[in-house]
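Bear in mind these aren't lab numbers, they're just calculated from the coordinates by the rules spelled out. Because the structure is predicted, anything quoted here is derived from the model rather than measured. Reconstructed Cβ throughout: ideal geometry from the backbone, glycine too, with neighbour counts over all protein chains shown.
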Amino acid sequence: MSDVLRLDNITRTYPQGQGVLEVFRGLDLTLKQGELVALVGPSGAGKSSLLHIAGLLEAPTSGEVYICGEAASALPEGERTRIRRDTIGFVYQAHHLLPEFSALENVVIPQRIAGKDRTASERDAEHILTHMGLGQRLDHRPAQLSGGEQQRVAIARALANRPRILLADEPTGNLDFHTADGVFDSLVDLVRSEGLAALVATHNLELAARMDRALVLHEGKIHDAGKLGLKQKA
């Protein structure tokens, strides 16, 4: 499997009073095609910041981010935007759906922005939403959907442009246990079927144990914990 995401010797500092706050120091991370990897660590460890750096939303203080082998962190903004649009899908704890548009339209919009024609965009949006179990909810607006359904739409939207990498920040964090379990199953099924590389930040160790391996973020560095030895879902 080839590397689709590599973070090499990443540091990130922020001004704090008369000094600096060091969040990452010499951090390395590799994500291969087809891998589903959990990112775990205590609150405040920097999981969201790490995803922002990996997704080219935030620049590291030093080090390099490689996307499909391309050094990307210092590219012009237009090039970073192109990579985010074409190569990376984002899912957040809050779904951030556009309330005035239907589920189908929310998934069509990023495809139209990428230049795909309307007919193809609607066909692909319907396909992915049906795959997510929302075939009967295509015309519903977010307010007419449950929390779990809204998050499924957000996942479908993130994958609408067939990215190579999925970055998810607590994608089931706002959901109750049973709903979270179902949404996670849908996410895993879609990631597997599309052959994506996925990095999923989560506090839920049971979900983390169902991924291929877990990375623990601690004191500014990544430690590979391998496959977590927790009880698997029956």
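Of the peptides 56-66, 18-28, how do they stack up when ordered by the mean number of other Cβ atoms within 10 Å, highest first?
Descending mean neighbour count gives 56-66, 18-28.
Amide H of residue 225 versus every other amide H placed in the peptide plane: which residues, excluding those fewer than 5 positions away on the same chain, fall under 5 Å?
Here 214, 215, 216 satisfy the definition.
Efficiency by 1/(1 + (r/R0)^6): what FRET value for residue 75 and residue 98, r their Cβ-Cβ distance, R0 = 25 Å, to the nearest 0.05?
About 0.35, to the nearest 0.05.
Quick check: pseudo-label points 7 Å beyond the Cα along Cα→Cβ at residue 109 and residue 8, how many nm apart are they?
3.7 nm
Kirkwood Rh and Cα-based Rg: tell me the resulting Rg over Rh for region 127-192, rounded to two decimals.
Rg divided by Rh gives 0.93.
Magnitude of the Cβ-charge dipole of region 103-234, K/R +1 and D/E -1, about the Cα centre, nearest 20 debye?
280 debye
State to the nearest 20 debye the size of the charge dipole of region 175-234 about its Cα centre, where the only charges are +1 on K and R beta carbons and -1 on D and E beta carbons.
Around 220 debye, computed over region 175-234.
Can you tell me the alpha carbon radius of gyration of region 12-76 divided by the globular rule-of-thumb value 2.2 N^0.38 Å?
1.21
Taking amide H atoms as placed 1.01 Å from N in the peptide plane, list the residues 5 or more away in sequence, or in a different chain, whose amide H sits under 5 Å from that of residue 5.
Under 5 Å from the amide H of residue 5 lie the amide H atoms of 31, 68, each far enough along the sequence or on another chain.
Per residue of region 21-27, in order, report the coupling 6.51 cos²θ - 1.76 cosθ + 1.60 (Karplus, θ = phi - 60°) as ³J(HN,Hα) in whole Hz, putting x for Gly and Pro.
9, 9, 8, 10, 9, x, 7
With θ set to phi - 60°, apply the Karplus curve 6.51 cos²θ - 1.76 cosθ + 1.60 along region 201-218 and write out the HN-Hα couplings as whole Hz, x wherever there is a Gly or Pro.
Result, rounded to whole Hz: 6, 7, 8, 8, 6, 5, 5, 4, 5, 8, 8, 5, 6, 10, 10, 9, 9, 8.
Between residue 25 and residue 174, what length comes free when the chain is fully extended (0.36 nm per residue of separation minus the Cα-Cα distance, one decimal in nm)?
Working: separation 149, 0.36 × 149 = 53.64 nm, distance 3.05 nm.
In short, 50.6 nm is gained.
Any idea which of 161, 131, 145 is furthest toward the positive side of the dipole for region 124-209, if Lys and Arg beta-carbons carry +1 and Asp and Glu beta-carbons -1?
Toward the positive end, the furthest listed residue is 161.
For residue 219 and residue 193, FRET efficiency with R0 = 45 Å and r from the beta-carbon atoms, rounded to 0.05?
Computed FRET efficiency for residue 193 and residue 219: 0.75.
Rounded to the nearest 20 Debye, what is the dipole magnitude of the chain about its Cα centre when Lys and Arg each give +1 and Asp and Glu each give -1 at the C-beta? Provide the component values of the computation, followed by the final result.
Values: 26 positive and 30 negative charges, 32 e Å.
Approximately 160 debye in magnitude.
For the chain, what log10 I(q)/I(0) values come out of the Debye formula at q = 0.10, 0.12, 0.18 1/Å, with one point per alpha carbon and no solvent?
Once normalised to I(0) and log-transformed, intensities are -0.46, -0.67, -1.38.
Seen from all sides and averaged, what is the projected area of the convex hull of the Cα atoms in region 85-210, in nm²?
6.9 nm²
Determine one quarter of the surface area of the Cα convex hull of region 1-118, which equals its mean projected area, and express it in nm² to one decimal.
9.8 nm²
Taking a ≥ b ≥ c as the square roots of the eigenvalues of the Cα gyration tensor of region 91-133, is the shape rounded (a/c under 1.5), prolate (a/b larger than b/c) or oblate? All intermediate terms of the calculation are to be shown ahead of the outcome.
Details: a/c = 1.85, a/b = 1.31, b/c = 1.41.
Oblate.
Which number gives the lysine pairs in the chain that have C-alpha atoms under 28 Å apart and are eight or more places apart or on different chains?
Lysine pairs meeting both conditions in the chain amount to 11.
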